[in-house]
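A short worksheet on the structure shown next.
The values are calculated or read from the model by the stated rules, or taken from the named source; none is laboratory data. Given the structure is predicted, the values throughout are model-derived calculations rather than measurements. Heads up, the Cβs are rebuilt from the backbone with ideal geometry, glycines too, and the neighbour counts pull from every protein chain shown.
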């Protein structure tokens with residue numbers, strides 16, 4: 001067997017794995033591991049795999065796969081703490097179940113049906129996707145961490161792991177170089193670092209030929225460098241905060257493994273790393289809430305590996321990013337989340353992160369990423385108290401795209417109340433030709449207008465024509481474009497703030513010359529105003545396809561009265577523990593008719609964030625004008641606010 005070749009101590013490091021800090025952090029996971037030992041393992045079935053090809057359901061099979069791997073992770077951690085025979089046997093059972101699983105690829109990604117017309121895996125033609133990479137990395141880490149115990153208790157298991165990893169992942173990666181996620185006839189996106197980082201982990205520990213190991217590491221280094229080169233200079237990510245963790249963060253993890261293998265990033269890659277490290281805290285609203293765009297959740301459903309970002313923030317000298325990551329050290333369970341994958345779990349339990357002191361998050365006052373057309377501002381820099389607003393420009397063909405040019409999110413006291421619904425549960429149609437039939441993706445369920453009966457359209461040509469950000473409400477383009485190398489963040493004074501975006505290009509509406517969306521933040525009054533002004537060419541004054549309507553998607557409870565809607569949403573309270581307030585949206589009743597559309601949430605991923613429902617406030621214009629303007633004002637109500645409910 002090869003020497004230990006992953007950056008963490010193995011089971012023989014008893015002072016670490018048998019120490020009180022690890023045992024304490026792992027207590028819930030160890031209890032779960034002991035409780036499930038001796039019970040049947042989760043069993044992915046052929047009928048569950050086939051469902052994706054039959055009726056589009058992918059979650060049943062993937063849930064079984066995820067449950068099996070989560071149990072193996074818990075079993076591995078338990079065996080590290082106490083490598084008793086029964087605990088090592090549990091690991092061996094999980095490892096062999098994975099080795100005997102027909103495919104490590106998720107059905108939704110497999111090309112078996114397209115190539116062969118089959119609805120079960122083609123074992124002789126393994127497809128290298130996210131799922132296959134995850135299994136290979138997990139088995140590599142199990143082998144590294146428990147190698148001595150496995151050799152003593154179950155000789156031959158590690159040989160089997162190597163055979164399967166070679167056939168399913170390592171050889172397909174090196175021998176087939178037309179994988180689309182490498183950027184072959186497809187833009188590079190988050191799959192590339194996610195898969196390649198996992199391939200690298202498997203390679204470093206499971207590839208016994210040193211020449212092949214070096215060659216595979218070099219291929220991964222090229223791929224990760226290509227990913228960094230694909231990111232904009234300002235560190236923006238069009239997939240948003242959620243997929244930052246499955247893209248940029250995956251690349252950071254891969255870069256750490258490359259460094260362990262003796263390969264450091266080039267200076268140009270380091271510049272992109274420095275910029276993107278600032279992205280998570282730039283999107284922070286307060287507590288666990290973040291600005292979300294595309295297929296992103298506003299509140300993460302699991303703990304992310306903050307240790308990775310913390311280490312890179314210290315390396316590149318980003319004090320604000322380091323503070324933001326360290327704020328998670330002060331939370332209950334902040335050291336370890338049992339839902340983490342095995343590689344991420346080990347990283348959270350070892351290294352400098354385990355001893356990092358807690359800190360308060362920076363809660364920056366201004367963030368802007370011109371490359372993706374995303375800007376965020378808050379009324380009270382350094383505090384979750386007050387209002388925060390984000391505006392999105394961009395275009396309607398981004399990665400994990402939603403139809404949302406010009407969409408606005410507003411948070412009150414760190415909790416979003418004017419919202420983007422975010423990520424749905426994925427199924428067959430989510431990424432097919434019917435994607436834009438999904439309500440959660442359509443423009444009508446984002447905070448953008450329907451212009452003369454026409455929704456925004458998907459496609460790269462449907463884009464913002466201009467995107468401008470300035471302080472003090474002054475006209476002019478964004479002053480930080482290309483100037484702030486920390487990713488466009490600036491704590492800044494609590495000055496007035498303004499963002500303007502021309503939405504006209506996002507609508508297939510003839511004669512629409514301009515549709516300016518002007519978003520202003522008055523910090524002292526804790527007030528956000530959104531004013532739309534438009535102009536049509538004279539020849540476009542014929543009958544419209546339907547009425548113009550403004551949509552505002554609201555979380556929580558909504559009360560509608562003439563010219564006013566009041567919304568309250570704080571499912572877990574406010575981040576600073578203050579009494580939850582409500583937000584009032586007001587408008588001129590002479591301009592529009594107002595209605596509420598309640599959308600019950602039967603999607604578990606959406607309801608986990610927003611509860612049982614979301615409500616759309618629909619403001620429909622009473623008349624169509626060649627040019628005009630319409631304004632909605634948002635401010636808190638109740639004690640301490642400018643307006644009393």
Which of (1) more than 23 Å from residue 325 (Cα to Cα); (2) touching a residue at least 40 places away in the same chain (Cβ under 8 Å); (3) touching a helix residue (DSSP H, G or I) at 6+ places or on another chain (Cβ under 8 Å) does residue 233 not meet, given it meets every other one? (1)
Which one is nearest to the chain's Cα centre (by Cα), of the residues in segment 587-604 that are buried (at least 18 other Cβ atoms within 10 Å of the Cβ) and outside any loop (DSSP other than H, G, I, E, B)? 594
All positions within segment 206-230 that are without any contact (Cβ under 8 Å) to a residue 12 or more places away in the chain and assigned to a helix (DSSP H, G or I): 210, 211, 213, 214, 222
Consider residue 241 carefully, then state whether it is in contact (Cβ under 8 Å) with a residue 12 or more places away in the chain and either in a loop (DSSP other than H, G, I, E, B) or in contact with a strand residue (DSSP E or B) (Cβ under 7 Å, 6 or more places away or on another chain) (or both). yes
Of those in segment 362-375 that are out of contact with any helix residue (DSSP H, G or I) (no Cβ under 7 Å at 6 or more places or on another chain) and outside any loop (DSSP other than H, G, I, E, B), the residue nearest to residue 330 (Cα to Cα) is 366
Mind checking which residues of segment 551-574 are free of Cβ contacts under 8 Å to residues at least 12 places away in the same chain and more than 27 Å from the chain's Cα centre (by Cα)? 559, 561
Kindly indicate whether residue 584 is over 27 Å from the mean Cα position of the chain (by Cα), over 24 Å from residue 387 (Cβ atoms), buried (at least 20 other Cβ atoms within 10 Å of the Cβ) and modelled with pLDDT of 95 or more. no
What pairs can you find where one residue is in segment 168-180 and over 12 Å from residue 216 (Cα atoms), the other is outside any helix (DSSP H, G or I) and modelled with pLDDT of 95 or more, and their Cβ atoms are less than 8 Å apart, with a gap of 6+ or different chains? 168/104; 168/126; 168/128; 176/128; 179/128
Name the helices (runs of 4 or more DSSP H) wholly within segment 1-85 that hold at least 1 residues that are within 26 Å of residue 205 (Cβ to Cβ) and assigned by TED's automatic domain parsing to the domain that holds residue 113? 14-17, 20-25, 27-36, 59-81
Set 546, 577: member being surrounded by fewer than 18 Cβ atoms within 10 Å (Cβ to Cβ), free of Cβ contacts under 8 Å to residues at least 60 places away in the same chain, in the same structural domain as residue 519 (by TED's automatic domain parsing) and assigned to a loop (DSSP other than H, G, I, E, B): 577
Suppose we filter 359, 340, 302 for residues that are out of contact with any helix residue (DSSP H, G or I) (no Cβ under 9 Å at 6 or more places or on another chain), part of a loop (DSSP other than H, G, I, E, B) and surrounded by fewer than 23 Cβ atoms within 10 Å (Cβ to Cβ); which single one remains? 302
Of the candidates 510, 482, 487, 476, the one satisfying the condition of being at pLDDT below 95, in contact with a helix residue (DSSP H, G or I) (Cβ under 8 Å, 6 or more places away or on another chain) and surrounded by fewer than 15 Cβ atoms within 10 Å (Cβ to Cβ) is 510
Read through the list (1) surrounded by fewer than 24 Cβ atoms within 10 Å (Cβ to Cβ); (2) more than 15 Å from residue 575 (Cβ to Cβ), then give the number of the only condition that residue 410 fails. (1)
Kindly establish whether residue 91 is without any contact (Cβ under 8 Å) to a residue 60 or more places away in the chain, closer than 23 Å to residue 203 by Cβ, touching a helix residue (DSSP H, G or I) at 6+ places or on another chain (Cβ under 8 Å) and outside any loop (DSSP other than H, G, I, E, B). yes
The condition of being outside the structural domain of residue 524 (by TED's automatic domain parsing) and under 18 Å from the mean Cα position of the chain (by Cα) holds, among 313, 356, 326, 321, only for 321
Between 140, 156, 133, 183, which is surrounded by fewer than 23 Cβ atoms within 10 Å (Cβ to Cβ) and under 30 Å from residue 78 (Cβ atoms)? 156
If you go through segment 526-536 one residue at a time, do you hit one that is more than 29 Å from residue 297 (Cβ to Cβ), assigned by TED's automatic domain parsing to the domain that holds residue 450, assigned to a loop (DSSP other than H, G, I, E, B) and at pLDDT 95 or above? no
